[in-house]
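Please read the structure below before turning to the comments.
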Amino acid sequence: MDPTSWAQDVLRCQICENPGPPMYCDICHIHLCTICVGKHLTDLSTEHKVVPFANRGFNPMCPKHSSKQCELHCEQCDISVCVLCVSSEEHRGHEFLDLVKELDNRKKVLEIDLRELEKSIYPKYLEIASNIPLQKADLEENSEKLKTAFNMHGEDWHREIDSMIKKLKSDLDEMDSKQLSVLAKHEDEIARTISEIKQSIAKLKKLLNSSNVSLVSAYESRNTEFRRLPPKLTFSLPNFTPQNINKEQIYQQFGSLSALSIETENDSTMDSQGAGFYLLEKPLIDEPQILTEIKTKYGFFNQMRCVSCMGDDDLWVCGGDKIIRLYNIRGELIKTITTKSGNKPEDIAVTGKGDLVYTDKKERTIYQIEKHTEIQTVISLRRWKPLGICSTFSGDLLVIMDSDDKQSKVVRYSDFTEKQSIQFDDKGQPLYSCGGTKYISENRNLDICVSDYGAGAVVVVNHAGKFRFTCTGPPPTYKKSFDRPCGITTDSQGRILTADWYNECIHILDQDGQFLRYIDNCKLESPCYVCVDKKGNLFVAQSFKGTVKGIQYHNLMQK
């Protein structure tokens, strides 16, 4: 019989072909009937181990001695070994257990696992699984309620916009009515004068053809009166100046979803990434691209320090002198402002109203420049020296500052009045190092992010000032460490971007501090400060070179 057909036929002895062989040779791997076992063992050309068919394959072949079967288990090495292995130097002094007993021990462990799975774990999973449809139903019901709320709020916005448009049209109609009334009156006066001029012309023609001396002598000229032409009315026609639509501000004013949290069995909470604010998906691109490079008055002997975006086309820049300069993205110098004290500004920021604010470390003062002309003192400090500053989405100011007695803290100002102070973590330890440059930025989830040059770290707390995480650089597998974090900013995706002056690159983190990538392909030289404009483009100040590079590092929003 063809051996390849045995699997399709009844199992047979491979010597006499009798069906249902009860024995098996583990070394030769053949089926044997009881009668043929003795015949098989008489073959002395190789070793044999005949076992009941049910126990076949129990003894594996030794991986080091291919002709030997493993009969023992080495306790130290946790492997099956043959008798030759037992006497080898590799296993000298080791303890061995009979393979059958080892198998029994292992099976006892399996029985425990099986019992636990059947009696405890599996039923628990069934219970959890049965609860998921209920959670899905709750989720769907809640989502429908929220969508209804979205629509109702949207209708409120539409009504406000319709009301606004109606008022504008009403105002325009009122202005038109006033202008038409003035024009009608002016038209009537001119028509009356024209009629009088016609009468004078007719009268003069009649007198010229008359011989009546009395009538001619009685004529009185009105030409002097008519030479005074009526006033010319010039109207300044109304026009409509639509404001640019800032989508991100609209999303924030419209409202946001509260953060999703999932409570686990051990009562820990996992916050959902990206919750709490609206995101337009802008994935990072593989190769960031240089869009522009703006040359400024700064350079090696007057190093650039800070840059702040004002709209999409202009940049405020400051450095080691007392001048703050405004450039457009074409590199044209638009305006210069001299600091009030004559000191260099420590940091600058543009508020939501478009005003410029800056910190003066030496004067311990924060100044605001209204309408880019008037410099006003808005905050004066005593023993604290203001460093980095930023404007928040709510219109507050966040300032990181150092004290004379070597402390550091973040202060929130609302209408230039202190509303919050952040200095220590839950264990009473300082959050920030004292000394060195520090910059600050608010993230889209309202986290407060500080680049601490002295600590070589980015420190992040939430809106309430509770410590979230410290990032000291990417994982060790990356080629660049996080030696000297300088300027810091955030983008519409909640990503944190920090200038690394020493490594001449930009580090990008997600809002939870996970390293995403570098920007190191744009030939950056001593990058010291970063900001992102409303379009999502990154601007990097290069201190020694004195230029600002505009970089696209993610896909821009599709309109």
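The values are calculated or read from the model by the stated rules, or taken from the named source; none is laboratory data. Note that this is a predicted model, so its numbers are computed, not measured. Neighbour counts run over all protein chains shown; Cβ positions are idealised from the backbone, glycine included. Calculation scope for accessible area: heavy atoms of the full protein, side chains included, ligands and nucleic acids excluded. Shrake-Rupley method; radii C 1.70, N 1.55, O 1.52, S 1.80 Å.
Might you let me know whether the stretch 206-216 holds any residue that is at pLDDT 90 or above, farther than 27 Å from LEU172 by Cβ, outside any loop (DSSP other than H, G, I, E, B) and of a type in the set (A, V, I, L, M, F, W, C)?
no
Please name all residue pairs, on different chains or six or more residues apart, with Cβ atoms under 6 Å, provided the first residue is in the stretch 216-244 and is of a type in the set (Val, Ile, Thr) and the second residue is surrounded by 10 or more Cβ atoms within 10 Å (Cβ to Cβ).
Sorted first by the residue in the stretch 216-244, then by its partner, the pairs are VAL216/LEU207.
Does the stretch 326-350 hold any residues that are surrounded by fewer than 19 Cβ atoms within 10 Å (Cβ to Cβ) and of a type outside the set (A, V, I, L, M, F, W, C), and which are they?
If the condition is that a residue be surrounded by fewer than 19 Cβ atoms within 10 Å (Cβ to Cβ) and of a type outside the set (A, V, I, L, M, F, W, C), then ASN328, ARG330, GLY331, GLU332, LYS335, THR336, THR338, LYS340, SER341, GLY342, ASN343 are the ones that fit.
If you go through the stretch 240-257 one residue at a time, do you hit one that is open to solvent by less than 90 Å² (accessible area, probe 1.4 Å), outside any loop (DSSP other than H, G, I, E, B) and modelled with pLDDT of 85 or more?
Looking for residues that are open to solvent by less than 90 Å² (accessible area, probe 1.4 Å), outside any loop (DSSP other than H, G, I, E, B) and modelled with pLDDT of 85 or more, one finds none in the stretch 240-257, hence no.
I'd like to check something: does the stretch 418-440 contain any residue that is under 23 Å from ASP520 (Cβ atoms) and modelled with pLDDT of 90 or more?
Scanning the stretch 418-440 turns up at least one residue that is under 23 Å from ASP520 (Cβ atoms) and modelled with pLDDT of 90 or more.
Does SER380 satisfy the condition of being within 27 Å of ARG444 (Cβ to Cβ) and among the small types (Gly, Ala, Ser)?
No.
Between a first residue in the stretch 499-512 that is surrounded by fewer than 19 Cβ atoms within 10 Å (Cβ to Cβ) and a second residue that is basic (Lys, Arg) and assigned to a loop (DSSP other than H, G, I, E, B), which pairs have beta carbons less than 7 Å apart while being 6 or more apart in sequence or on different chains?
TYR502/ARG484; ASP510/ARG495
Please determine whether any residue of the stretch 402-411 is at pLDDT below 95 and either of a type in the set (Phe, Trp, Tyr) or under 30 Å from GLY255 (Cα atoms) (or both).
No, the conditions are met nowhere in the stretch 402-411.
Does at least one position in the stretch 12-26 carry a residue that is open to solvent by 80 Å² or more (accessible area, probe 1.4 Å) and part of a loop (DSSP other than H, G, I, E, B)?
No; the residues of the stretch 12-26 include none that is open to solvent by 80 Å² or more (accessible area, probe 1.4 Å) and part of a loop (DSSP other than H, G, I, E, B).
Please pick out the residue among ILE379, ILE400, ILE366 that is under 26 Å from GLY494 (Cβ atoms) and touching a strand residue (DSSP E or B) at 6+ places or on another chain (Cβ under 8 Å).
ILE400
Can you pull out the residues in the stretch 439-453 that are under 13 Å from the mean Cα position of the chain (by Cα) and farther than 10 Å from THR392 by Cα?
Result: ASN445, ASP447, CYS449.
Please verify whether SER200 is loosely packed, with under 10 Cβ neighbours inside 10 Å, polar (S, T, N, Q), over 60 Å from the mean Cα position of the chain (by Cα) and modelled with pLDDT of 85 or more, treating the condition exactly as stated.
no
Just for the stretch 102-133: of the residues that are under 14 Å from ASP78 (Cα atoms) and free of Cβ contacts under 8 Å to residues at least 12 places away in the same chain, which one is least open to solvent (accessible area, probe 1.4 Å)?
The selected residue is ASN105.
Looking at (1) assigned to a strand (DSSP E or B); (2) open to solvent by 60 Å² or more (accessible area, probe 1.4 Å), which one does TYR367 not meet, given that it meets all the others?
Only one criterion is unmet by TYR367, namely (2).
Tell me, which residue of the stretch 448-469 that is among the aliphatic types (A, V, I, L, M) and either closer than 18 Å to CYS390 by Cα or modelled with pLDDT of 95 or more (or both) is most open to solvent (accessible area, probe 1.4 Å)?
It comes out as ALA464.
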